[in-house]
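Contents: one structure, followed by commentary.
The values are calculated or read from the model by the stated rules, or taken from the named source; none is laboratory data. Please read all numbers here as calculations on a predicted model, not as lab measurements. Because the Cβ atoms are built from the backbone with ideal geometry, glycine has one as well, and the counts that use them run over all protein chains shown.
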Amino acid sequence: MLLEAVDRPFRFHFMDGSEVRLAPGAPVHLDEARARRLLEKVPEKVKVVATLSPGALITWQRADLTIRRGVVDFLYTDADGTMRAFVTTSDGWSAVRMRDVIET
């Protein structure tokens, strides 16, 4: 399961002594059991990142608070780890940060 921090980076320590570091816009893959544990313990700090593929319909909120929809053409991860979906919209195309996606 892919998870990322909601607002700011943090570390979570599991009972076996291992830890995971999460940051907004930088999804981390965890096995199902660890992901569920993290979601149970700190639901306000972490969220599930939907797995997307080309052809998926997504909804996102822009900086001006308008809601947009579009079809994913391809996915890209910047050098700093920011994931973006390039989408076709009714009036052109957009590059959408994955953390701005509100529905898939």
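Data table
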item	result
Leading residue by the ranking (surrounded by the most Cβ atoms within 10 Å (Cβ to Cβ)) among those in region 62-84 that are in a strand (DSSP E or B) and at pLDDT 90 or above	Gly70
Residue in region 43-55 that is crowded, with 16+ Cβ neighbours inside 10 Å, outside any strand (DSSP E or B), at pLDDT below 90 and among the β-branched types (Val, Ile, Thr) present	yes
Residues (closer than 28 Å to Arg84 by Cβ, of a type in the set (A, V, I, L, M) and modelled with pLDDT of 90 or more) located in region 1-37	Ala5, Val6, Val20, Leu22, Ala23
From Asp31, Asp91, residue being charged (D, E, K, R), farther than 21 Å from Arg8 by Cα and in contact (Cβ under 8 Å) with a residue 24 or more places away in the chain	Asp31
